[in-house]
Amino acid sequence: MQIEGKRFTWKLGRQLVDGEGGFGKVYEVYGPNGAAGAAKFVPKDPGANRELLIGEAIKLSGFTHVIPILDRGENENFLILIMPLAERSLELHLRQSEETLELEQSISILTDIASSLVEIEPVIVHRDLKPANILFYNGRWMLADFGISRYAEASTAVDTRKYSFTRQYAAPEQWRSEHASSATDVYAFGVIAYQMLSGNLPFLGPRTEDFRQQHVSMDPPVLKAGTLRLQTLVEECLYKAPEARPKPKNILKRLQIAGKDSEIPALSRLASVNRAIVQQRAAAIRKASRKQDEQKLRDEMYTSALSSFQRFASLLLQKIKENAPTAILENYPISGHPATGFEDLGPSVRLGLGYLHLDYPSKAQSWKGPFKIVAYTSIRVVMTQDEDQRKSLGRSHSLWYCDAQIEGEFGWYEVAFMGNPLMWSKQSEEPFSCSPPQAERAFSPAIDVIQLAWPPEEIDRGDPSEFIIRWIDWFAQAANGEFHRPSTLPERQTTQTWRS
């Protein structure tokens, strides 16, 4: 098989196992003079053209620490980049080394990588720096495989494979789907340096969610290999905050003396104090990063909660309107907050003496109960008892987006409350809803003024018909003037119905 490039015709050879790319396969090829090269086949999917553009940028910039692009072509299914055939990847080099590398060799390799980062910093962010993408060619280690790279000043686009990265080397900002910068490559450099010096990755996963938590909010085991200067440099590269990491030029400069610890006691003491300050700063940054990540996760989950709520709430109101065309719907549809801006104002429906109301979900704050709550709202049915509508009778339930049954498994749960008969006078609504802070006491083992009347029960997200039919029935009773209080409270078994 032959490949028609822009400059030459290339003969296709064997697939290079060590050259497998994250977004394409790599084959050995031979040029017109018999010289060997490597052809990367990039599938023609969104973002593929970007790798060709990056290749052209590399070629035009005259980089000396990046694997050059010799030619390019395409066939029906692939875009093709032709590069020189490198001797080996750093991944293979580390795998074939029986022990950790000598300090001098490690610093030499890291110096080559840092030189590459200095060179590309003004133009390109690699975004997937790892040993498999660092190749030995022409006597030095160079960067290759810019499959998910982006121009340094470009805004991240959908087709740049923003959400693609290698879990072991991904920076905290990548896990948060935030803007990638040169600091993102510096973080990956720190992971590689840690791996080369200690023989292990700083974070071991093994699951994707484990890697995310570790990279975003945990410190790696203390690095004990290498000199004090080098240990401090690696720790700084692994800072959670991108802006706190050293710049590539600073890294390159410090590597020149990183192989030696000072023999002067005073300078050694100063270096030790400096490392202690670096570690203290890392702890503070880690704490801030964890808080930022927790907030981002809660925001993402709140968005999921809104979407789930809209599905079953819309279905409830739709069924009412289909079966009672004269019912009056207000503040509908429920796809967003009304223009009035009142957060507690949600969709409602009136028919006869009955009134059904749904609040818009709010973010849960200050809940200290036995499980996590992301969002909360309530649903209410009321029956008016006189023409002036001054007397009413009804019930309301809380709806919580929480993980009441299994930790980490979130869904909408229905729960309701009652007053302790010895401490609470009858209300117009029984059972009634509570915000999470108000409801904390009901989940305490001690007897309190507020108690559970309806235990947390998950609304079936696949088939919420039981929930919908029950509330439509209560609404119909209220509309016809036949609504009654529950004969007994609590209505259902409430003990041991949530995780502790």
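The values are calculated or read from the model by the stated rules, or taken from the named source; none is laboratory data. Keep in mind that this is a model prediction, so the values were computed, not measured. No Cβ is skipped: glycine too gets one built from the backbone with ideal geometry, and neighbour counts run over all protein chains shown. The area values use the complete protein model at the heavy-atom level, side chains included, leaving out ligands, DNA and RNA. Shrake-Rupley method; radii C 1.70, N 1.55, O 1.52, S 1.80 Å.
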Legend entry - Accessible-area value, residue 360, 1.4 Å probe, nucleic acids and ligands omitted, Å²: 10
Legend entry - Listed residues 446, 467, 411: farthest to the positive end of the dipole of the range 372-500 (Cβ charges): 446
Inset, instruction - Give the calculated FRET efficiency between residue 210 and residue 298 to the nearest 0.05, with a Förster radius of 22 Å applied to their Cβ-Cβ distance. - result: 0.65
Legend entry - Accessible-area order (highest first, 1.4 angstrom probe) of the listed residues 363, 296: 363, 296
Inset, instruction - Mind checking the full-extension length gain between residue 254 and residue 33? Use 0.36 nm per residue of separation minus the Cα-Cα distance, one decimal, nm. - result: 75.2 nm
Inset, instruction - Counting only C-alpha contacts under 8 Å and six or more residues apart, can you give the relative contact order of the range 381-486 as a whole percent? - result: 31
Inset, instruction - Ignoring everything but the protein chains, give the 1.4 Å probe accessible area of residue 65 in square angstrom, nearest 10. - result: 30
Legend entry - Cross-link table 287/363; 321/372; 372/426; 25/296; 249/296, entries beyond 27 Å C-alpha to C-alpha: 321/372; 372/426; 25/296; 249/296
Inset, instruction - Leaving ligands, DNA and RNA out of it, work out the accessible area of residue 196 with a 1.4 Å probe and give it in Å² to the nearest 10. - result: 0
